[in-house]
Amino acid sequence: MQLVLEFLALPFVQDVLKILFILLLFAMPLGTFMTLMERKWSAAVQDRIGPNRANIGSYRGRGLLHIAADALKSIFKEDLIPKGADKFLYTIAPFFSFMSAVAVFAIIPIAGPIGDFKFQVTDVQPGLLFIFAITSLGVYGAVLAGASSNSKFALFGGTRASAQMISYEVFLGLSLMGLFMVYGSTQVSIIVEGQGEHWFGLIPKWGVFTQPLGFVVFFTALIAETKRAPFDAPEGESEIVAGYFVEYSGMRWSSFMLAEYIAIVGVAALITTLFFGGYQVPWLYHWESAPQWLVTLLQFSKFTSFTLILCWFQIQIRWTVPKFRFDQTMALGWKKLLPVALLNTVVTAIIIVALA
Amino acid sequence: MKFKVKKVDRSEGLKEALYIPGIAVGLKHTMRHFFRNIIGKKDVVTIQYPEEERPISQRWRGRHRLTRRDDGFLKCVACYMCETVCPAKCIHIEAGEHPDFSVEKYPVSFDIDELRCVFCGLCVEACPKQAIRMDTGVIGMAYHSRESFNFTRDLLRDAYTPNEKTKYTDADLPKPPDQQSALPNSRGIPAL
Ligand code: SF4
Ligand code: SF4
């Protein structure tokens, strides 16, 4: 027993356990769940029923078995590499997409720290700069897939994806400047702790309330980064079929899709962390005698429920807003979001200086 | 000559330029549908097809059937009207002499290739004896072999009563009530 506890106390072991927990029990299940929920929820929006036919015997589980059916199907599908494709780049492109989607979870705290132990894989000093670095790596997935497929549609998709993602990275960074100023750090744990305070003991000091403009721009830029509607010009189903991954099939194609859905969960988790107080449960400070395990449980469920709500909101946005033409995407970014983000930064700075 | 030119103001107002109000209006609609369908009264119009079926009109042109006279024999007198009028040329009749002189002719074989049929209903209109009808109400025909679609005389005669819907597989191909009454067709094959 003593040995087991000592083994569990090793930082390395803890890191591995955290990675396993956050990836295998949080990000991946939610991501795969979203693949089904996207179809179910979009069906509800459009007065349909959605998938409900996959069955084991007579058990259908309200369509839940479609997750397993989809996975099995894509495993057994033929994995084509088109003629003339660059085999090496073609093979590694899905990894970039997948990795960048998954790596976001590395810095997200899913519950408050207990003593020295943090429910966070790593609390790196640069914090959100790490996120910016990782999302720019995600561009490689789209670009390599587009360039190596030896297909015109894929090439178009890849070009669009690179242009869109690189330009929206600018606003992604700029929109958070105000947040950094308000909470005084780029480190995630400090930002989340800062959101635990309350104004007049009533209104939680969440990012949405301190940085409403920053929230809108950041959310928009993140949706554009995940290349989903209304910013799905790189995939452009109606004109370039599936964009940069049009030539992919089987499990490789699935990993692109799964990366997209994990990115949805990642976006939701990131926004919860930065703008909705992360794991901070509002007004909990009134209850000082609360047992530690209950507080942690509350924090975890608050974080998860906000993540789920934001996932749902992204899907709802996708099924509401019509797609932007590619030039409109660019115009929206450079002509509208950029000034707004800059204005937000300046105004925040002025207010902070005025209050201080 | 001067033309009247009506200028439509297409300049984006602030409300449109901001996008947010537009998105909010859209979200209001989609969310109303979403919540109504998830928790409220369902607006879903889906018909779960194999289990449920859409009610069809009495005049729906479904699968053909050959009607019978009161004594149970086919009404058809093998006059070739339907075969002649059929635009898809999918009816194949061979006439034979009926032992009963008052009837004179009867179809020894009466095959309809349902794969070629366009379900226009002209055969029904052309028939002088009301002998062929499309009122079975069978709208989905799906079998595993091409041969199953070649509906023979006895199949057309015996398979359906009007507007009765039957679940139907290859194995269920109906047998005539008694082999005596199923006269062999011209190819010498006793009907199914
Ligand atoms: S419905 Fe039309 S196509 Fe079909 S058998 Fe009758 S006449 Fe021919
Ligand atoms: S079904 Fe009617 S039209 Fe056709 S051959 Fe028989 S009697 Fe004539």
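What follows draws every value from the coordinates through simple rules; no lab data is involved. Every value quoted in this text rests on a predicted model; they were computed, and no experiment measured them. Backbone-built Cβ (ideal geometry, glycine too); neighbour counts: all protein chains shown.
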Principal-axis tilt of helix A:338-355 within chain A, Cα atoms, nearest 10 degrees: 0 degrees
Helical mean residue ellipticity (222 nm; -39500 (n - 2.57) per DSSP H run of 4+; nearest 500) of chain A: -20500 deg cm²/dmol
Sparse-neighbour loop sites [trypsin sites (Lys or Arg not before Pro); the range A:1-59; at most 13 other C-beta within 10 Å; DSSP]: A:ARG53
Inter-part distance where the range B:110-143 and the range A:51-90 are each reduced to a Cα centre, Å: 41 Å
Mean separation of Cα contacts under 8 Å (6+ apart) over length of the range A:228-356, as relative contact order %: 36 percent
q = 0.06, 0.13 Å⁻¹: log10 I(q)/I(0) that the Debye formula gives for the protein assembly as shown, counting C-alpha atoms only: -0.50, -1.28
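For a quick protection proxy, order the peptides A:299-310, A:175-186 by their average other-Cβ count within 10 Å, most packed first. Write down the numbers at each step before the final one.
Working: A:299-310: 18.7, A:175-186: 21.0.
Per-residue Cβ counts within 10 Å, averaged per peptide and sorted highest first, yield A:175-186, A:299-310.
Could you pull out the GluC sites (Glu not before Pro) across the range A:134-240 that fall in loop regions by DSSP (anything but H, G, I, E, B) with no more than 10 other Cβ atoms inside 10 Å?
Values: sites: A:GLU169, A:GLU193, A:GLU197, A:GLU225, A:GLU235, A:GLU237, A:GLU239; in loops: A:GLU197, A:GLU235.
Hits after loop and neighbour filter: nothing returned.
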Equivalent ellipsoid dimensions for the range A:68-159 as semi-axes, Å, which come from the Cα gyration tensor, largest first: 34, 18, 9
Between 0 and 90°, nearest 10: helix A:152-183 axis offset from chain A longest Cα axis: 0 degrees
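Summing Lys, Arg as +1 and Asp, Glu as -1, what charge do residues with Cβ under 13 Å from the Cβ of A:ARG228 carry, A:ARG228 excluded?
Details: positive: A:LYS227, A:ARG318, A:LYS323; negative: A:GLU38, A:GLU225, A:ASP232, A:GLU235, A:GLU237, A:GLU260.
So the surrounding residues net to -3.
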Value of Rg to Rh for the range A:78-355 (Rh from inverse mean 1/r over Cα pairs, i.e. Kirkwood): 1.01
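Taking loop as defined by DSSP and a crowding limit of 10 other beta carbons within 10 Å, which chymotrypsin sites (Phe, Trp or Tyr not before Pro) in the range B:24-118 fit? Before the final figure, lay out the partial values.
Working: sites: B:PHE34, B:PHE35, B:TRP60, B:PHE73, B:TYR80, B:PHE101, B:PHE110; in loops: B:TRP60, B:PHE73, B:TYR80, B:PHE101.
Sites meeting the loop and neighbour criteria: B:PHE101.
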Cα gyration tensor category, rounded, prolate or oblate, for the range A:138-259 with a/c compared to 1.5: prolate
Chain A: angle of helix A:212-225 to the longest principal axis, Cα-based, in degrees nearest 10: 30 degrees
Extent along principal axes [Cα atoms of the range B:79-144; Å; largest to smallest]: 39, 27, 21
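Please get the size of the charge dipole for chain A, origin at its Cα centre, with Cβ charges of +1 on Lys and Arg and -1 on Asp and Glu, quoted in debye to the nearest 20.
Working: 24 positive and 22 negative charges, 193 e Å.
My answer is approximately 920 debye.
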